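The values are calculated or read from the model by the stated rules, or taken from the named source; none is laboratory data. Nothing here was measured: the structure is a model prediction, and the numbers come from that model. Here Cβ is always computed from backbone atoms with ideal geometry, including for glycine, and neighbour counts include all displayed protein chains.
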Amino acid sequence: MSLYRPTARNFMEESENRIHGDDIAKQLGFSGALVAGVAVFGHMTHPLVCALGADWLDGFTASLRLINPAYDGDMLSIEHTETNQEHLVRCTARGGTLLAELRSRPGIAPLSELSVRPGGAPIGERPVVEWDAIHENEAFPPWSWTPTEEENATSASQIEDSLELYRTGIVHPQLIL
């Protein structure tokens, strides 16, 4: 078992998703703005990449369950265990409250197992997520995007991930998600 102890930071306060701002989050019953789930995921990938290197990024499936929110300043405890080639990463904070679980195993899931539906024609800019644009059982059109080195460096630094491979052209999983 390995233990990783990063600090959660809310870098999404100004995003279009207002749950990452204090006012809306508190109106919805949370104690403050929620740290983005992609940031929690990014933290949880760290021990997997430490243990398996770039092989994890290229040859494993991952299933993430977000259970409770992370708040800015939370000291996260991220535990990684492996049993029979299945990797379990658990993220807790605030006295052991389970925030998320990530399960990963070798192999890439065939497309038939993925719940992805084809979208419309590819578009050149990110679609805006708003209620009028969401249609049940219909995917957003594919968005073609090539991250820059600066975007990748920013993404890794937001979650204080200083692993060398993210400075050598490999895109951080948080940025992809």
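Looking only at the stretch 160-169, which residues are crowded, with 17+ Cβ neighbours inside 10 Å and either in contact (Cβ under 8 Å) with a residue 40 or more places away in the chain or outside any helix (DSSP H, G or I) (or both)? Can you show your working first?
Start the filter on the stretch 160-169 by keeping residues that are crowded, with 17+ Cβ neighbours inside 10 Å, which leaves 161, 166.
Listed by number, the list holds a single entry, 161.
Could you figure out which of (1) at pLDDT 90 or above; (2) exposed (fewer than 15 other Cβ atoms within 10 Å of the Cβ); (3) assigned to a loop (DSSP other than H, G, I, E, B) isn't true of residue 157?
(3)
Test of understanding: among 147, 127, 141, which residue is within 23 Å of residue 8 (Cβ to Cβ) and either at pLDDT below 85 or assigned to a loop (DSSP other than H, G, I, E, B) (or both)?
Values: 127 fails: within 23 Å of residue 8 (Cβ to Cβ); 141 fails: within 23 Å of residue 8 (Cβ to Cβ).
When all the criteria are applied, what remains is 147.
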